[in-house]
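Remarks on the structure that follows.
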Amino acid sequence: FWFANGELRKLQLRTAEQELVLRAQVLATEYRTLLDQSENYLATLAEFPEIRSGAPGTCNTYLGRSFQHLDTYTTISLIGMDGYFSCGAMTPESELYLGDRAYFVRATSRESFAVGDFALGRMSGLPVVGVALPLFREDRIAGVLASSLDLNVLARRVTANGLPEGHTFTILDRAGKVMVRLPTTGTFTLADSVGAMAGTGFPAMPEGRKAQAVEGTDLDGMDRLFAVAPLRGSVGEAQGYLAFGRTRATLMEEVDAVVE
């Protein structure tokens with residue numbers, strides 16, 4: 001009896017761990033899908049001569065109308081080859097230089113769709129990842145059409161499915177800076193804030209391509225079981241990673257309820 005009870009407990013623990021890993025992997029795949037959709041969206045916009053011309057009046061109007069129907073992006077802009085904002089769905093109050101953004105540098109150097117780094121948007125202040133598509137004129141790059149994908153889209157998908165008690169969800173950049181954090185109520189602390197750096201006990205970005213389970217210390221100081229998954233861009237590089245965490249106590253409570 002005790003042997004069978006112990007084996008059942010191990011089985012339930014593995015099952016719970018696999019469910020957490022699967023949840024992380026599914027969301028990482030959704031991130032990849034969002035990037036693919038972004039490439040298609042920018043390619044469609046690039047077909048409009050009113051946008052390709054970069055004329056502020058018509059370009060602003062067309063991008064603004066397109067922007068109204070989307071909640072996935074925080075902004076859409078056309079950037080000149082000098083790196084300065086040319087036109088867009090949102091107009092900055094003063095001259096805006098974007099030539100130093102990773103998505104602009106990668107799109108112009110690779111001459112193809114590119115994904116940038118996680119950052120806080122200069123106009124929106126929201127956690128975003130920039131995506132960009134070079135526009136060609138007579139076989140030369142004439143500008144870059146770029147949009148900022150709101151990372152909170154992934155957070156909204158987590159909350160839509162419900163975040164169980166004792167669980168946390170975090171999106172971090174490659175350096176371990178927090179971009180998105182759930183929950184934002186209850187035991188929420190300053191360490192959970194966007195812009196905070198994860199401590200040494202928090203899981204690092206996984207080296208492989210798939211989600212994996214690891215033990216670690218969460219931003220709130222609680223020891224948790226984590227499922228971590230890299231968030232990869234157009235050519236396979238990871239801009240950051242996500243982490244689902246759950247306390248060992250709630251995990252054991254679930255296992256005990258089944259075993260007993």
Segment 181-201 - residue that is open to solvent by less than 50 Å² (accessible area, probe 1.4 Å) and outside any loop (DSSP other than H, G, I, E, B) and, of those, modelled with the lowest pLDDT | 191
Of the residues in segment 190-233, how many are over 20 Å from the mean Cα position of the chain (by Cα) and within 23 Å of residue 150 (Cα to Cα)?
-> 1
Every residue from segment 202-223 that is buried (at least 18 other Cβ atoms within 10 Å of the Cβ) and either at pLDDT below 90 or assigned to a loop (DSSP other than H, G, I, E, B) (or both) | 202, 203, 205, 206, 211, 218, 219
Return the pairs, sorted by first residue and then second, in which the second residue is in a loop (DSSP other than H, G, I, E, B) and of a type in the set (S, T, N, Q), the first residue lies in segment 91-108 and is under 21 Å from residue 38 (Cβ atoms) and open to solvent by 30 Å² or more (accessible area, probe 1.4 Å), the beta carbons are less than 9 Å apart, and the residues are 6+ apart or on different chains.
-> 106/112; 106/234
Per the list (1) open to solvent by 20 Å² or more (accessible area, probe 1.4 Å); (2) in contact (Cβ under 8 Å) with a residue 60 or more places away in the chain, residue check on residue 114 breaks on (1)
How many residues, within segment 142-179, are crowded, with 22+ Cβ neighbours inside 10 Å and in a loop (DSSP other than H, G, I, E, B)?
-> 1
(1) closer than 14 Å to residue 132 by Cα; (2) open to solvent by 50 Å² or more (accessible area, probe 1.4 Å); (3) aliphatic (A, V, I, L, M); (4) in contact (Cβ under 8 Å) with a residue 40 or more places away in the chain: which one isn't true of residue 22, the others all being true?
-> (1)
Please work out which residue is most open to solvent (accessible area, probe 1.4 Å), limiting yourself to segment 3-19 and to residues that are modelled with pLDDT under 70 and aliphatic (A, V, I, L, M).
-> 11
Number of positions in segment 25-66 that are β-branched (Val, Ile, Thr), surrounded by 15 or more Cβ atoms within 10 Å (Cβ to Cβ) and over 19 Å from residue 81 (Cβ atoms) = 2
Hey, does segment 72-87 have a residue that's among the hydroxyl-bearing types (Ser, Thr, Tyr) and more than 17 Å from residue 150 (Cα to Cα)?
-> yes
Residue that is nearest to residue 237 (Cα to Cα) [pool: residues in segment 117-135 that are touching a residue at least 24 places away in the same chain (Cβ under 8 Å), open to solvent by 40 Å² or more (accessible area, probe 1.4 Å) and of a type outside the set (S, T, N, Q)] = 117
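The values are calculated or read from the model by the stated rules, or taken from the named source; none is laboratory data. All figures in this text were calculated on a predicted structure; none of them were measured in a lab. Positions of Cβ are backbone-derived with ideal geometry, glycine not excepted, and every protein chain shown enters the neighbour counts. The protein model used for the area step is the full one, side chains on, heavy atoms only, and it has no ligands, DNA or RNA in it. Shrake-Rupley method; radii C 1.70, N 1.55, O 1.52, S 1.80 Å.
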